[in-house]
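I have placed the structure first, in the form of structure tokens, so that the comments after it can refer back to it.
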Amino acid sequence: MSEPHVSVENATLLFGGSVMSPVPNPYPVYARLRRERPIVALSGWMDTSYLVSRYDDVAAGLKNGELFSPRGNARGIGLVMGRTILEMEGQEHLRHRRIVTPSFSLRALRGEVEREVERTTHHLIDKFERDREADLVGQFTMTFPLRVMAGIMGIPISDFEEFHQWALDLISVADDPGKGFAAAEAIVGYLRPILEERRNAPTTDLLSTLVHAEVEGERLSEEEVLSFLRLLLPAGAETTFRLTGSVLYALLTHREQLEEVLADRSLLDDAIDETLRWESPVQFTSRELTRDFEIDGHVAPKGELAILSVGSANRDERRFEDPDRFDIHRANKSDHVAFGFGEHFCLGSHLARVEARIAVSAMLDRLSALRLDPDVDCRIVGLAFRSPDRLPVRFG
Ligand code: HEM
């Protein structure tokens, strides 16, 4: 794709103007920004904000919570999620993080959660295995992580269609605030009576853990529990489905690497890591600047919002050689910052990897001669979040 002829002064236009745009390929724009304007003002995108595009600056921003305050997250997604750990700092953040960390540790995922992922995966594949063709986004990746998340939380699976819609509406708040706020309210209305039930009769699910959790002798307030759940729902559902779709897309469009993975399944973990770098599902996160921040003479003022572009950082030629190439043998692929870095490092990274590994492996086992349908176009799209818009495949 040739580079757009828009001035970097109008950087917002380079992306087509909306954070939820189905941008097919933002990477030439990022390459240009890294070269010409490593910090650039974007107007009309969640107030005025400053996009940071180079790996070292993004990593420094994620590490330095004192200059890049996570309360920046409150000005975006926090508006509908309420106050969540994403925007918390210091002791308050630690206290909240400690409550849920055990539920998402590798140890906790072994056993019942892994079995739940296996069950959901095979249940969905059963439905189309005999058809010799499918859209793996519509018929598989879109629904499977939400089902798993609903299982971990303890939400009845029969309600999950509604949940999926709320999760989608919640993350599109920047584009359609009305829908985002309505979804946030709907979730609260739905969850309140279930939380009340768990309060009176504890179980082993996450809802019960949150309601009864005590840190330093204090219980979480109902508002805190609800905000946690409003965060976990899209965090768990909207990200992993994208990762799983992109891993499949990457392998199906790089047949020689797919053959290697088919011959040696341990390479699937490398493919997952390289996909996280090559097509990061979450493309940026926000921070508030507590002081002026300068790179190469370009300044973002104190108090403004910095958009740390994880997607651009993971394609930075200063860090990754030939960064646009998908290569499961790349030595430093796990240096990516797709799950963030430092204190706010993604709590669900183990779950995301487990889900992607089990799902892709099952498809490679059960759908023989899996290939993209040559008659239907598909591609990876998106700006704030990226994944294939559909995955039309044939097999058998
Ligand atoms: C491929 C899948 C995923 C990606 C790419 C991803 C990405 C991220 C990123 C970039 C952050 C850091 C945000 C920041 O620093 O402001 C983050 C934080 C977080 N993620 Fe994920 N995530 C994924 C899956 C999940 C899952 C499955 C869960 C469900 C439990 C989850 C829960 C969280 C939570 C709770 C935080 C906040 C942690 C904190 O503030 O201390 N994520 N995630």
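Every number here is computed from the coordinates shown, using simple stated rules; none is lab data. Computed from a prediction, not measured in an experiment: that's the story for all the values here. Ideal geometry is used to build each Cβ from the backbone, glycine not excepted, and the neighbour counts take in all protein chains shown.
Membrane-span-like helices in the chain (whole DSSP H runs, Cα extent of at least 20 Å along the helix axis, mean Kyte-Doolittle hydropathy of at least -0.5): 177-200, 222-237, 349-366. Debye-formula intensities of the stretch 92-149, expressed as log10 I(q)/I(0) at q = 0.17, 0.25, 0.30 Å⁻¹, are -0.67, -0.98, -1.15 (one equal scatterer per alpha-carbon, no solvent).
Peptides 31-42, 361-372, ordered by how many other C-beta atoms sit within 10 Å of their residues on average, highest first, read 31-42, 361-372.
Mind checking which of Ala300, Val393, Ile328 is farthest towards the positive end of the stretch 8-394's charge dipole, using Cβ charges of +1 (Lys, Arg) and -1 (Asp, Glu) about the Cα centre? Looking along the dipole axis, the top candidate is Ile328. Who wins for biggest fluctuation among Arg386, Arg242, Arg291 in a Gaussian network model of the chain, springs between alpha carbons below 10 Å? Per the Cα network of the chain with a 10 Å cutoff, Arg291 tops the list. Across all directions, the average projected area of the convex hull around the alpha carbons of the chain is 19.2 nm². Taking every DSSP helix (H) stretch of at least 4 residues in the chain, weighting each as -39,500 (n - 2.57) and dividing the sum by the residue count yields a mean residue ellipticity at 222 nm of -13500 deg cm²/dmol.
For the stretch 389-396, putting each phi into the Karplus relation 6.51 cos²θ - 1.76 cosθ + 1.60 with θ = phi - 60° gives couplings of 6, 7, 9, x, 10, 10, 7, x Hz, in residue order, rounded to whole numbers and with x for Gly and Pro. By the equivalent-ellipsoid construction on the alpha carbon gyration tensor, the stretch 59-181 comes out with semi-axes of 32, 20, 14 Å, ordered largest to smallest. Candidate cross-link partners of Lys179 among the aspartates and glutamates, defined by an alpha-carbon separation under 16 Å and a same-chain spacing of 8 or more, comprise Glu162, Asp169. Spatially, the stretch 349-390 and the stretch 141-205 are offset by 24 Å when compared through their Cα centroids.
Extending 7 Å from Cα along the Cβ direction at Gln91 and again at His122 yields two label points whose distance is 5.0 nm. The packing ranking, built from the mean of other Cβ atoms within 10 Å per residue, places the peptides 100-111, 304-315 in the order 304-315, 100-111, highest first.
When peptides 53-66, 268-281 are ranked by their average number of other Cβ atoms within 10 Å per residue, the highest-first order is 268-281, 53-66. A cut-off of 5 Å between modelled amide H atoms, ignoring neighbours fewer than 5 places along the same chain, links Thr285 with Leu308, Val310. Scalar couplings 3J(HN,Hα) for the stretch 380-385, obtained by applying the Karplus form with A = 6.51, B = -1.76, C = 1.60 to θ = phi - 60°, are 8, 9, x, 10, 6, 10 Hz; x denotes Gly and Pro.
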